[in-house]
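Inspection log for the structure reproduced underneath, given as structure tokens.
The values are calculated or read from the model by the stated rules, or taken from the named source; none is laboratory data. Because the structure is a prediction, the values reported are computed rather than measured. Using ideal geometry, Cβ is built from the backbone for each residue, glycine included, and neighbour counts are taken over all protein chains shown. Only protein heavy atoms, including side chains, enter the accessible area calculation; ligands, DNA and RNA are left aside. Shrake-Rupley method; radii C 1.70, N 1.55, O 1.52, S 1.80 Å.
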Amino acid sequence: MVNKKIKLFLILSSLIFIFFTFYLGLNKNNYYTTENIVYKKIENFESYEFFSNKKISFKNISPDKKYVILNIWSSWCLPCRKEHKNLIKLRENIKVDLIGLNYKDKFENAKSFLSELGNPYDIILKDKNGLISIEIGAYGVPETYLINNINKKIIKKYLGPINEENIKEIQSLVK
Amino acid sequence: MISHLGSYSLIFCTIFAFLIILQSAKLIENQSKIFPKKIYTIITLQLFFVIFSFSCLLIAFVSSDFSNITVYNNSHTEKPFFYKISGVWGNHEGSLLLWLLVLVLFLFLFILDTKNYDNKYKLLTVIFQEIIILGFLLFIIITSNPFDYIFPVPLEGLGLNPILQDPALAIHPPILYIGYVGTSLIFSSSLAAVINNTVNSEWAKQIKKWVFLSWIFLTLGIMLGSIWAYYELGWGGFWFWDPVENVSLMPWFCLTALLHTILVLEKRNALRNWTIVLSIATFSLSMSGTFLVRSGILNSIHTFANDPSRGVFILTFLFFLIFLAIIVLFIYSENDKKTSNNFNILSKETAVLVNNWFMMYFLSVVLIGTIYPIFLEVFTNEKISVGPPFYQKLMIPFLIPFFIFMSFGPRVKWINDKLKKINYTQIIVFISSLIIAYIIFTNSSVSYLFSSFLIAASIFLVLNSLRDFFSKSIQIPQKISHFSFSILILSILLNGIYSEEFNSNMKVGDELKFIDKTIKFKGINFDEKDNYKLLRGDFEVIDSGKNTLNFNPEIRIYNQPVISTSEADIKTNLFNDNFIVFTLLKDNEIFNVRYQHKPFMIWIWISIIMLAFGGTLAVIKYGK
Amino acid sequence: MNKKFNIISLIIFFLFINYSFADEKIKRIDKVSKNLRCLICQGQSVYDSQSEFALSIRDLIIKKIDEGETDDEIYDYLKVKYGDWIIYDPKFDKNTILLWLIPLILFIFGGLLIFRKVIIIK
């Protein structure tokens, strides 16, 4: 009889354990994002400046600034159109350089995108084949990274278009 | 109006559920031999109202009544009639109503089927089944009501996803749900039998038709899902070890084990505990499946609603039922006296035990693979993926001993069998398998020696199952099902080994060589249909014997909702499937073209249908 | 007209060469891309997906194979960038010990149960 009671106790407690694990699991996001892969150092990469086609190394950009913001965008990406005015607003309100990374795009299309919606970027780099984005751990457009320019580590990632709240957060982080 | 009626019907059903439970509890100890007419009446009423409620939803869909929010979200006036109907269960709320319908229907049929049975047992079954029905009713009414209103009434619906407009997918849910819901009845009656202390061969004889029935529908339901994935998704695969697929496979392993165990219980009055545990486990897995798929806890392209609050409800309900079952077992199971004997090593009872052993192992692999990421994330915040390589690595090696056991098991006699000194037939079969496997091994790209053992074991199984056809002592349903299973395995293996895949970017006019074939991209043309525009590709595949196959895969752009899909063109014959699918790359001139040559595909579907057919023959026999 | 024909035949020729001599390489690319999950279309592998991300990953795989890296090195590189999630095959490490061992332990346990129940009658 005691044996049976012990068995019952063990089974019921394992069930309660499993129940609570599932319960906690319900509140987790089931869609995978790389939002929390931060504090990684961005290794230096080579790219070409958008207008002049000059070769540029990432480590040489904005040497005097403590922070930089990297925004990955494309002319064919609809959410990028929506976020563009927020980028302009962001650049107006902070003293941090905004680097654009034009992702898998055609020069003419990207140029018209900028003429139509404005150019908030201090410098734009080209990622013709998407390999630079992979190197920095991005997978979609748009993505915006706040980077510590001294140790080149990613402080915060914004996956998807940035909004007013994100702008406020960036402002407080760069103070 | 219709929706109001449908909604009220559900409330009536809930009231009936309460009434039935209370009345049945009162009448349990009643010694009467006749099943209480009152309860029979209320169950019939409940069935009537649930059918009525389902019909209301059906009418709302067919008449495109967009004042009903479920219809609005999942239908469209331009949907073909057949798919308006299948739209009823092609969404979360409607599918639950279907679950409910089958739950009540099966209880009703059960009452009719057990006319001469012990009243206490029947009433207990009714109580447990009504508890399940009540849970579903509350879940539907509180969190997933298919009769919610939307105002102002929209003029047009949001449309059903065109990928879901497929005949196989349309009938896949009802068939699958009949399989799942059958396990609820087995669950209820098992608990009833435990309380009534009648877990014996008499009970096994009665319940086994329900086990077989559930098993047949679950098998066919899984097959339909695979057929849809193969023909519609266009990637050439039919099983992806996706969580939603796994969730239908798990109860299948359990149910297959139960199916064999219940026969032991009937024949030899043994494996009582196994039977009860398997009954509870199968139903729990069916319910867990519902939970995993509808709560949004898993990342899958198949998942329904992503609503954590619904998840909490099902989770609590599911664990409540499992708790209930365990407590019933604890209170009513026999005390520690050893009631079960040992089995002789060479007996059918042992063979069934071995089968259970392997079934439970395969079940544990799929179960752990599916839910482990959830546990890991809760405890360590790490996210990992458990994909096909995991399942293949852990399951395939165990298939070899399994096939060998399965070659002998069905033929072993009950209680005690003798090992013949030299079995010439077996030796011939064994050597034939090795020879055939060797031929396959040298004529294909199979590089691992292990694979050849696997093929040999599979052929060994086929030959032995074939031999069984000539044995007078084995039942026909068993012969058919076991042989079909062996063909299924062999088809899957040969298909896996001999499939060839070509993947390249092509422009119109390109001609590429692939092994012994030439693939020509002859051209594209534009066309427009009712609810989509399409780009039809014209391809020709010429093999070394100058035989030409013409393919017309399509890229479709639907207008409601705006989705673009690639429809593969699949040419099926008895020996192989040939398959072309193409997608447009960004530049508008280059297409990614995939050609696949897949031998023996149709045998996979045929063998599963024959597998279920064997089960059907068994049910017909039991019904007599 | 002539020029176009030449260009097309050159393209076909290069595709042809690429295909016949690089058969093994393609098998490797396919194998690796089938083992990677696409982050954009999360139900598909990188092999099946036509998203820009998947296409770039396939280019990356080709580049790394050309540079002589092994499959594991490619997987490790991507794991650092995107997390363990991107690989379909869960490697045996401290996070996945239980994942791989529990089914095997259960199998042995089941075998013991049968062993206890089954006897040999002479």
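Applying the criterion of being open to solvent by 30 Å² or more (accessible area, probe 1.4 Å) and within 19 Å of the chain's Cα centre (by Cα) to the residues of the range B:336-370, the residue that is nearest to the other protein chains (Cβ to nearest Cβ) is B:360. Against the criterion of being surrounded by fewer than 18 Cβ atoms within 10 Å (Cβ to Cβ) and within 14 Å of chain C (Cβ to nearest Cβ), residue B:500 qualifies. Candidates are the residues of the range B:579-591 that are under 26 Å from residue B:547 (Cα atoms) and open to solvent by 10 Å² or more (accessible area, probe 1.4 Å); the one that is nearest to the other protein chains (Cβ to nearest Cβ) is B:583. Only a single criterion out of (1) in contact with a Phe, Trp or Tyr (Cβ under 9 Å, 6 or more places away or on another chain); (2) open to solvent by 50 Å² or more (accessible area, probe 1.4 Å); (3) of a type outside the set (S, T, N, Q) is not satisfied by residue B:527, namely (1). Selection within the range B:276-289: residues that are within 13 Å of chain A (Cβ to nearest Cβ) and hydroxyl-bearing (Ser, Thr, Tyr). The member of this set that is surrounded by the most Cβ atoms within 10 Å (Cβ to Cβ) is B:288. Based on what the data block shows, is residue B:185 at pLDDT 95 or above, closer than 21 Å to residue B:391 by Cβ, in contact with a helix residue (DSSP H, G or I) (Cβ under 9 Å, 6 or more places away or on another chain) and buried (at least 23 other Cβ atoms within 10 Å of the Cβ)? The answer is no for residue B:185. Do we have residue B:75 as surrounded by 24 or more Cβ atoms within 10 Å (Cβ to Cβ), within 12 Å of residue B:147 (Cβ to Cβ) and small (Gly, Ala, Ser) here? Answer is no for this residue.
Being among the charged types (D, E, K, R), in contact with a strand residue (DSSP E or B) (Cβ under 9 Å, 6 or more places away or on another chain) and in a loop (DSSP other than H, G, I, E, B) is the filter here, so list the residues in the range A:104-150 that pass it. Scanning the range A:104-150 gives A:104, A:105, A:122, A:128. I need the full set of residues from the range C:30-41 which are surrounded by 14 or more Cβ atoms within 10 Å (Cβ to Cβ) and either at pLDDT below 85 or within 8 Å of the chain's Cα centre (by Cα) (or both), in order please. Across the range C:30-41, the qualifying residues are C:30, C:32, C:33, C:34, C:35, C:36. Restricting to the range C:98-122, and then to whatever is assigned to a helix (DSSP H, G or I) and β-branched (Val, Ile, Thr), can you tell me which residue is nearest to residue A:35 (Cα to Cα)? Filtering the range C:98-122 for residues that are assigned to a helix (DSSP H, G or I) and β-branched (Val, Ile, Thr), the one nearest to residue A:35 (Cα to Cα) comes out as C:102. Filter the range C:78-97 down to residues that are assigned to a helix (DSSP H, G or I) and surrounded by 14 or more Cβ atoms within 10 Å (Cβ to Cβ) and give me whichever is farthest from the other protein chains (Cβ to nearest Cβ). Per the criteria, the residue is C:79. Taking the conditions exactly as written (over 30 Å from residue B:469 (Cα atoms), touching a residue at least 24 places away in the same chain (Cβ under 8 Å), within 14 Å of chain C (Cβ to nearest Cβ) and among the basic types (Lys, Arg)), does residue B:517 satisfy them or not? Against the criterion (over 30 Å from residue B:469 (Cα atoms), touching a residue at least 24 places away in the same chain (Cβ under 8 Å), within 14 Å of chain C (Cβ to nearest Cβ) and among the basic types (Lys, Arg)), residue B:517 qualifies.
Each row is one residue, and each column tells you yes or no for (1) surrounded by fewer than 20 Cβ atoms within 10 Å (Cβ to Cβ); (2) within 17 Å of residue A:166 (Cα to Cα).
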site: A:44; (1), (2): yes, no
site: A:54; (1), (2): yes, no
site: A:75; (1), (2): no, no
site: A:87; (1), (2): no, yes
site: A:90; (1), (2): no, yes
site: A:103; (1), (2): no, no
site: A:113; (1), (2): no, no
site: A:116; (1), (2): yes, no
site: A:122; (1), (2): yes, no
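Listed here are the strands (runs of 3 or more DSSP E) enclosed by the range A:1-103 that have at least 1 residues being in contact with a Lys or Arg (Cβ under 7 Å, 6 or more places away or on another chain): A:46-49, A:97-103. Of the candidates B:452, B:432, the single residue that is among the polar types (S, T, N, Q) and in contact with a Phe, Trp or Tyr (Cβ under 6 Å, 6 or more places away or on another chain) is B:452. Only a single criterion out of (1) touching a Ser or Thr at 6+ places or on another chain (Cβ under 8 Å); (2) at the interface with another protein chain (Cβ under 8 Å from one of its Cβ atoms) is not satisfied by residue C:100, namely (1).
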